[in-house]
Amino acid sequence: MNDAQSWLKRLRWIGVGLVVALIVLEFVLRDDPATVSLADAIERGLVLLVFGVMSIMVLGLMLHFFGSLLRPTDDADWGEPLLQLRQPRWGAALSVLALLVFGAIMAFAFQQLGEPGGPLDPPSQPVPLEAKVAVVFFGVIWVFLLIAFTVRTVRNPAWFVLTRKGFVYRPGDVSGGLVRWEDVVEIKEDAVLGSGPPGGPTLRPTLVIVLRNGHRHNDGYNPLLAMVVRMGTGALRAQTGGRGDIYIDPTHFGARYEEVKALLHEHARYAR
């Protein structure tokens, strides 16, 4: 059993334990007003904590995105591309259209809720803090995604570039920059935890890149995003034998995965 399989087994047992504990608490303590109030406070605190952590991630991504617009990377510094992969432009355009339709539907729904005789006229009870936070949070995300997909529709940057100097892997336009071949120590295939079809955890294949000075790769991020990347990489590294700095999802490449993997091995081996 590898590290990822061990983590998967632990998560499943933890999930079962939490479900059983919640069911027991629901039946045993549901008639105690003090316990119900405490449970509500804990639930509210956990919800706000989750939104706080997610807000840090979103803010880091926004700073990275707008920073890349203000200070665009000079792709010529990477060398002449031997391979470039781009998403079809129409995919981003469809995302813009879907966001506009979703925004119009939500605006209409909120308008109906606040009209005379609607559920919010007059409000039967104060709107919970976590509900207000959720509305603001998802509203900010909607605006950010609308701007990001509009820019992507116009620019359509390559999300994977391979040159004689190194490679750039930036799904979602997020990357620490060029990975030089001489910095690549090892390339290996492994598996890490991911979401499965039912929504539960499952093992997903990944291509792991081990770098000579992996911490330097985070210098291309702003401090908030670098912190998030370090935490995420640490969780993945714990599943892959403690080694790994860049994790590449093979499904991003589709039928060209074997070709890309062979090119990575070839250039890294030649540099060594």
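The values are calculated or read from the model by the stated rules, or taken from the named source; none is laboratory data. Please read all numbers here as calculations on a predicted model, not as lab measurements. Here the Cβ positions follow ideal geometry from the backbone for every residue, glycine too, while neighbour counts run over all protein chains shown.
Inside the stretch 150-179, can you point out the residues that are crowded, with 19+ Cβ neighbours inside 10 Å and not small (Gly, Ala, Ser)?
Step one: list which residues in the stretch 150-179 are crowded, with 19+ Cβ neighbours inside 10 Å, which gives 152, 159-163, 166-169, 175-176, 178-179.
Scanning the stretch 150-179 gives Arg152, Trp159, Phe160, Val161, Leu162, Thr163, Phe167, Val168, Tyr169, Leu178, Val179.
Annotation: Glu258 fulfils all but one of (1) over 27 Å from Leu69 (Cβ atoms); (2) among the acidic types (Asp, Glu); (3) touching a residue at least 40 places away in the same chain (Cβ under 8 Å); the unmet one is (3). Here Val161 clears all of (1) in contact with a Leu (Cβ under 8 Å, 6 or more places away or on another chain); (2) at pLDDT below 90 except the condition numbered (2).
Just to be sure, is Thr206 of a type in the set (S, T, N, Q), under 19 Å from the mean Cα position of the chain (by Cα) and modelled with pLDDT under 85? Give the derivation first.
On the way: of a type in the set (S, T, N, Q): yes; under 19 Å from the mean Cα position of the chain (by Cα): yes; modelled with pLDDT under 85: no.
When the stated conditions are applied, Thr206 does not pass them.
Among the residues of the stretch 45-75, those that are surrounded by 11 or more Cβ atoms within 10 Å (Cβ to Cβ) and either at pLDDT below 75 or among the aromatic types (Phe, Trp, Tyr) (or both) comprise Phe51, Phe65, Phe66, Thr73, Asp75. Candidates in the stretch 101-112 are the residues that are aliphatic (A, V, I, L, M) and surrounded by fewer than 13 Cβ atoms within 10 Å (Cβ to Cβ); of these, the one that is farthest from Ile147 (Cα to Cα) is Ala109. Does Val136 satisfy the criteria of being surrounded by fewer than 16 Cβ atoms within 10 Å (Cβ to Cβ), of a type in the set (Val, Ile, Thr) and at pLDDT below 90? Criteria met by Val136. Screening Lys261 with (1) among the charged types (D, E, K, R); (2) buried (at least 16 other Cβ atoms within 10 Å of the Cβ); (3) at pLDDT below 90 gives one miss only, at (3). Summed over the stretch 230-245, the residues that are at pLDDT 85 or above, loosely packed, with under 12 Cβ neighbours inside 10 Å and at positive phi give a count of 0.
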